[in-house]
1. Given the pairs K108/K132; K223/K298; K61/K84, which span a C-alpha to C-alpha distance of over 18 angstrom in this model?
2. Roughly how many debye, to the nearest 20, is the charge dipole of segment 115-209 about its Cα centre, given +1 on each Lys and Arg Cβ, -1 on each Asp and Glu Cβ, and no other charges?
3. Calculated FRET efficiency, S151 and K223, Cβ-Cβ r, R0 41 Å, to nearest 0.05?
4. From the backbone phi of segment 234-240, what are the Karplus-calculated ³J(HN,Hα) couplings (6.51 cos²θ - 1.76 cosθ + 1.60, θ = phi - 60°) in whole Hz, Gly and Pro given as x?
5. What distance in nm separates the simple spin-label points at I211 and E128, each placed 7 Å from Cα in the Cβ direction?
6. How would you order 175-186, 29-40, 146-157, 104-115 from highest to lowest mean count of nearby Cβ atoms within 10 Å?
7. By how many nm would the segment from E204 to I299 grow when fully extended, if each residue of separation counts as 0.36 nm and the alpha-carbon distance is taken off?
8. For an R0 of 30 angstrom, estimate the FRET efficiency from the Cβ-Cβ distance between S159 and A189 and round to the nearest 0.05.
Amino acid sequence: MEIHFDTQDIPHHHFLRYFLKAKRIVVITGAGISVSSGIPDFRSSGGLYDAAKSTKKSQGKSLFDAQVFRDTEKMSEFFQFMAKLKKKCDEAKPSKTHNFLNLLAENKKMIRLYTQNIDCLEDRLSFENVKKDIVIKLHGSLDQVRCMTCSNTFEIEDSHVESFEEGFAPECISCVEYQKKRIERGRRAPPVGFLRPNVVLYNENHPSGDIISSMVDKDIKRKPDLLIVMGTSLKVHGLRQLVKQFAKTVHSIEEGRVFFINKTPLSSEWIDIFDFQLLGLCDVVTTYIQTALEKHWKISRKSIVLSPVSQKTIKDYFKTVKSTSLSNSPISVRIAEKENIIENSNFDDKLKRATRKKSPNK
Ligand SMILES: [Zn+2]
């Protein structure tokens, strides 16, 4: 079902002008953008950590730690869990938020999308006439497997998933072939490596870490004029550094602004980093922005198959907003510094005074 906002019913928030003007947007996303696609996030109740707790030996987060490879039973649980998650991802369709990002890219407004997500839903977007490397997967990909010995990566196959489901890692074909050649030459037979999902766990380095760093450097040199961070609770150290690095660059531009879009608000430590937080479901917030702006875009609404977000979800969302009297708007816009709701009438004045000033309490 299509989410539809009647533009006449919603106030035209002044923050939209930054989206309208921006030419070099960098977006950083987390699990929150895929929840409506049916992929659970990590930290929410009912999320992946909770699901992992129900496994025999591992406790929540520990199932996503590199330590799992030191314990056969834990490793087996990890493989089974990843097989389940992979199947969920295969059934999922991109969300409204994914589609919004696709349009930003196709309208030549977004220069890069850094995602923490391993669900690969970005790969199902059209990204027409957009460079292939526009998406950087910070935590790897569930669509690939990597050899634990030779580090070669392969596209995941059904047979791999079946093996993971049974709690076992499949053998690496590269290693098997290499072993065969050595034996033929009468040499000592090297061990054959096992394949694991090509995702990055806690306490291990990203195998493509150097490539990602060079991409970040390249993007910083391009002077992005808008940073959007969405659907993440900003708990991972590396990501926090990345956000701060980009925010600094964006703020070196006069009209550069940094946005946070999420269901739950930022903590006070981010006051100097973000200029706006748009609180709500990512799908609702991005639909609002898209509805308000796409008449200015060359490429607008695309008929790609999206996850259904029911009209009920949207109505419930409006109800919450009204009952807490946050604002008449579908989105509560706050200046991160003050935690105050800024009314639309004097929004611009307050914006001028409030953005990027340091908190008096700090
Ligand atoms: Zn190998």
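Coordinate-derived values only; no laboratory data. In this text the structure is predicted, and so the values were computed from the model without any measurement. In this analysis, Cβ positions are derived from the backbone assuming ideal geometry, glycine residues included, and neighbour counts consider all displayed protein chains.
1. Among K108/K132; K223/K298; K61/K84, the Cα-Cα distance tops 18 Å for K223/K298.
2. The calculated dipole for segment 115-209 is roughly 800 debye.
3. So the FRET efficiency works out to roughly 0.75.
4. 6, 9, 7, 3, x, 5, 4
5. 2.8
6. Top to bottom by mean Cβ count within 10 Å: 29-40, 104-115, 146-157, 175-186.
7. 30.1 nm
8. E(calc), rounded to 0.05, equals 0.80.
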